[in-house]
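The values are calculated or read from the model by the stated rules, or taken from the named source; none is laboratory data. Only a predicted model underlies this, so the values are computations on that prediction, with no experimental measurement involved. Using ideal geometry, Cβ is built from the backbone for each residue, glycine included, and neighbour counts are taken over all protein chains shown. With ligands, DNA and RNA removed, areas are computed over all heavy atoms of the protein, side chains included. Shrake-Rupley method; radii C 1.70, N 1.55, O 1.52, S 1.80 Å.
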Amino acid sequence: ALCSLVRVPALFGYTFAGMLLGPVGYNVVRSVIQVETLGEVGVVFIMFVIGLRFSLEKLRRVWRISIYGANLFLGSSVGVGVVLGVLLGVDPKHSLYVSACLCLSSSSLATRFLEGSQLTESKHSSRSISAMEISSSPDHDIAESLVGVLVMQDMQLGMLMALMPFFAGLDHRSSSGPPPSSSSGALPEGLKVLAGFCFVFALTWLLSTRLLGWVQRILEIVRNRAEIFLLYSVAVCAFLTMTSNWLGVPVEVGCFLAGLAVNAQSTQVIKQVTKVVVPLRDFFSIFFFASIGFHVFPSFMMSE
């Protein structure tokens with residue numbers, strides 16, 4: 001309520017509440033692991049809803065700026081980080097890896113913040129804005145491009161995690177002793193992750209264009225049964241999420257693609273799925289942002 005009064009997205013309130021109630025503050029919430037687990041469910045629903053409000057057509061429209069923008073940001077951040085590392089006497093491979101990690105964003109956090117900001121502005125707007133005006137506004141186009149860049153950064157994160165043994169091998173070769181055997185398989189592992197991305201994208205296209213069509217016809221018959229749409233959404237999301245995790249692809253990408261697959265269905269199905277999923281997204285996202293507050297230590301940040 002206080003965040004709404006000062007025109008600040010509610011996620012800041014959830015994070016601050018996590019700071020107060022978690023181990024950093026009054027330690028009222030002792031089950032930190034359980035809250036973080038519920039927060040991971042919130043990440044799943046956040047990315048699923050983002051994909052549900054996106055579409056394959058929009059993805060084709062912003063793929064250029066997504067790839068170029070994410071890679072340009074990664075390259076410039078790594079370049080600046082390596083130069084600063086050399087000036088400060090830091091090992092180049094260390095500054096390379098740290099700068100690559102720092103340039104990546106949390107897609108679930110950024111998209112939820114963007115949506116919360118738009119919701120706050122619409123609540124305090126002096127006039128009602130129609131959906132047509134929003135979809136045709138420049139801010140909406142920027143938001144679509146931003147979502148594309150964030151998804152691309154999730155893909156870069158997966159590749160970066162696959163290359164971690166490679167960086168560890170470089171660090172070990174600079175010291176005495178034989179290099180660890182895991183570093184030799186890092187590059188093939190990176191190729192496996194890249195193949196996993198291609199497979200998940202192909203599977204999403206197959207689901208949206210071929211396999212979910214007959215499910216849509218069944219859902220149109222039982223359009224007033226909310227639990228059926230909920231089970232349908234959870235099933236598609238769980239299938240692509242588990243497949244992504246098995247292939248080494250970030251879970252956020254799988255959730256986003258699951259929303260894209262459902263978005264390819266009829267408008268009536270999309271409305272019903274959105275109606276049952278958005279309340280779950282709003283509920284579980286509270287635990288996600290509260291769990292972030294559990295790990296914020298103001299005293300440490302002030303001392304450092």
Exercise. Which condition does LEU52 not pass, out of (1) closer than 23 Å to LEU150 by Cα; (2) surrounded by fewer than 18 Cβ atoms within 10 Å (Cβ to Cβ); (3) modelled with pLDDT of 80 or more, if it passes all the others?
Worked result: (2)
Exercise. If we keep just the residues of the range 213-233 that are in contact with a Phe, Trp or Tyr (Cβ under 9 Å, 6 or more places away or on another chain) and crowded, with 18+ Cβ neighbours inside 10 Å, which is nearest to VAL41 (Cα to Cα)?
Worked result: SER233
Problem set entry | Failed item, numbered, when MET242 is tested on (1) at pLDDT 90 or above; (2) aliphatic (A, V, I, L, M); (3) open to solvent by less than 10 Å² (accessible area, probe 1.4 Å) | (3)
Problem set entry | Filter result for ALA10 (open to solvent by 40 Å² or more (accessible area, probe 1.4 Å), modelled with pLDDT under 80, farther than 24 Å from THR209 by Cβ and within 21 Å of the chain's Cα centre (by Cα)) | yes
Exercise. So, of the residues in the range 13-49 that are in a helix (DSSP H, G or I), more than 22 Å from GLY148 (Cα to Cα) and among the aromatic types (Phe, Trp, Tyr), which turns out to be nearest to the chain's Cα centre (by Cα)?
Worked result: TYR14
For this session: Determine which single condition SER55 fails, assuming it passes every other condition in (1) in contact with a Cys (Cβ under 8 Å, 6 or more places away or on another chain); (2) under 30 Å from LEU230 (Cβ atoms).
Result: (1)
Exercise. Within the range 34-42, can one find any residue that is crowded, with 17+ Cβ neighbours inside 10 Å, within 22 Å of THR204 (Cα to Cα) and at pLDDT 85 or above?
Worked result: yes
